[in-house]
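Engineer: I'd like to ask some things about the structure below.
The values are calculated or read from the model by the stated rules, or taken from the named source; none is laboratory data. In this text the structure is predicted, and so the values were computed from the model without any measurement. Note that each Cβ is placed from the backbone with ideal geometry, even for glycine, and that neighbours are counted across all protein chains shown. Heads up: the accessible areas ignore ligands, DNA and RNA and are worked out on the full protein's heavy atoms, side chains in. Shrake-Rupley method; radii C 1.70, N 1.55, O 1.52, S 1.80 Å.
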Amino acid sequence: MNKLAILGVTLASATTAVLVGSNVSAQEEVLNLYSSRHYDTDQALYDNFTEQTGIEVNLIEGDGDELIARLTNEGANSPADLFITVDVGRLAKADSEGLFQPVDSDTLEASIPDNLRHPDGHWFGLTQRARVIVYNPETVDPAELSTYEALAGAEWQDRVCIRSSSNIYNQSLMGSLIANLGVDAASDWAEGMVNNFAREPEGGDTDQIKAVAAGLCDVAIANHYYYARLAKSDDVADNAVAESTAIFFPNQDDRGTHVNISGAGVLANAPNPDAAVAFLEYLTTPEAQSIFAEGNNEYPVVDGVDIDPVVAELGDFKTDEASLSDFSGNSAEALIVFDEAGWK
């Protein structure tokens with residue numbers, strides 16, 4: 001299996017590598033973008049794209065599920081060209097509503113690995129997010145850690161913190177476990193995890209990391225970039241949390257660590273579909289991938305792009321390379337498993 005490469009690139013060639021706008025008509029000078037990514041650094045992506053192509057980006061931001069509902073309600077009258085969201089579960093939900101159209105792009109197919117995009121081009125992964133184990137080095141020897149599944153063992157009773165079952169990140173993790181292990185084994189894992197909760201699920205990923213630092217639990221599951229945010233924060237209290245915890249990449253001796261994405265799809269009723277494809281292609285350039293990586297401490301989907309130094313310090317690791325399409329539609333089944341296990 002491939003490992004996430006930590007390689008340097010020269011961004012001076014980025015502009016010449018941007019093959020965007022070649023199919024965009026004179027009338028298609030705007031791109032209407034619906035996005036649930038709430039990161040100020042993404043503005044640089046819009047500005048650079050406009051500078052290089054002349055296509056203005058009209059941005060509508062909102063919660064991912066709310067934007068999916070809005071797109072569904074707008075139907076054929078929707079002004080939106082492209083939907084960007086976090087987590088493949090939401091992309092699958094949008095796709096199940098018939099919101100995306102297939103895209104045939106040699107650039108996207110060459111740049112984005114097969115397992116990080118829809119097989120028929122309905123959506124494309126743009127960044128990678130590893131769901132890792134966060135632990136307290138004072139109470140946990142990393143030699144005790146191995147897999148997600150092992151955290152359901154009796155030795156972890158009253159030692160685990162994690163978010164609620166309503167969280168899309170956990171739903172996708174469960175979806176991947178169902179795909180990899182089967183429903184019965186995934187159900188056993190959920191029951192074991194509930195038995196091992198140090199507290200009832202509450203808060204976001206950052207709250208789980210802070211709970212580990214505070215000694216409320218010994219281990220937690222969280223996306224890697226939340227740890228990096230704490231380490232890079234201007235708040236010394238956040239820095240102390242990062243210094244009091246450490247990251248472990250699970251399942252390195254078998255399938256690899258579960259990785260999810262931020263991703264996007266061109267909408268079925270897009271008024272400006274060529275502009276939408278052009279923007280997607282721009283987002284796979286080294287320039288754009290570096291903005292993603294540095295702006296939210298995410299991993300690129302394109303090989304050879306520098307990652308943030310704090311993220312690089314976490315080390316190289318093996319990822320689960322199963323196609324995200326294999327589990328992206330498992331959210332409903334995941335919720336049933338969670339509910340039966342009593343995972344609130």
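Engineer: Is the chain rounded, prolate or oblate when judged by the Cα gyration tensor, a ≥ b ≥ c being the square roots of its eigenvalues, rounded requiring a/c under 1.5 and prolate requiring a/b larger than b/c?
Structural biologist: Working: a/c = 2.00, a/b = 1.54, b/c = 1.30.
The shape class here is prolate.
Engineer: For Lys318, go through the aspartates and glutamates and keep the ones whose alpha-carbon is under 12 Å away, minus same-chain ones fewer than eight residues off.
Structural biologist: By straight Cα distance, Lys318 reaches Asp253, Asp254.
Engineer: Among the DSSP beta bridges whose two residues both lie in the chain, what percent are antiparallel, rounded to the nearest 5?
Structural biologist: 65 percent
Engineer: Roughly how many debye, to the nearest 20, is the charge dipole of the chain about its Cα centre, given +1 on each Lys and Arg Cβ, -1 on each Asp and Glu Cβ, and no other charges?
Structural biologist: Values: 17 positive and 57 negative charges, 41 e Å.
Roughly 200 debye, rounded to the nearest 20.
Engineer: Continuing with this model, one more query. Region 201-273: D in µm²/s via Stokes-Einstein (Kirkwood Rh, Cα pairs, 20 °C, 1.002 mPa s)?
Structural biologist: Numbers: Rh = 14.6 Å.
It diffuses with D of about 147 µm²/s by this estimate.
Engineer: Counting DSSP beta bridges with both partners in region 116-253, what percentage is antiparallel, nearest 5? Mind showing how you got there, number by number?
Structural biologist: Numbers: 9 of 12 bridges.
Taking every DSSP beta bridge with both residues in region 116-253, the antiparallel ones total about 75 percent.
Engineer: Please work out the average accessible area per residue across region 150-250, using the 1.4 Å probe convention, and give it in Å². Let's see the in-between values first.
Structural biologist: On the way: 3730 Å² over 101 residues.
Ligands and nucleic acids excluded, the figure is 37 Å² per residue.
Engineer: A follow-up question, please. 222 nm [θ] for the chain, helices only, -39500 (n - 2.57) per DSSP H run of 4+, per residue, to 500? Walk me through the numbers on the way to the answer.
Structural biologist: Numbers: 14 runs with 131 residues, N = 344.
So the helix-based figure for the chain works out to -11000 deg cm²/dmol.
Engineer: Roughly how many whole Å is it from the C-alpha centroid of region 100-172 to that of region 194-245?
Structural biologist: Centre-to-centre (Cα) distance: 17 Å.
Engineer: Follow-up. Which aspartates and glutamates, on any chain, are close to Lys93 with Cα under 19 Å apart, when same-chain ones fewer than 8 places away are left out?
Structural biologist: Straight-line reach from Lys93, under 19 Å: Glu61, Asp63, Asp65, Glu66, Glu74, Asp81, Asp120, Asp326, Glu333.
Engineer: Counting only the backbone N, which residues of region 129-161 are under 13 Å from the spot 7 Å out from the Cα of Gln252 toward its beta-carbon?
Structural biologist: Flagged as within label range: 133, 142-147.
Engineer: For the chain, set up a Gaussian network in which alpha carbons nearer than 10 Å are linked by springs, and say which option among Val236, Val30, Val302 fluctuates the most.
Structural biologist: Val236
Engineer: Further question: Find the relative contact order for the chain and round it to a whole percent, using C-alpha pairs within less than 8 Å whose residues are 6+ positions apart.
Structural biologist: Working: 681 pairs, mean separation 113.8, N = 344.
In percent, rounded to a whole number, it is 33.
Engineer: Place a +1 charge on the Cβ of each Lys and Arg in region 53-190 and a -1 charge on the Cβ of each Asp and Glu, then give the dipole magnitude about the Cα centre in debye, rounded to the nearest 20. Please list the in-between numbers first.
Structural biologist: Values: 8 positive and 23 negative charges, 30 e Å.
It works out to roughly 140 debye.
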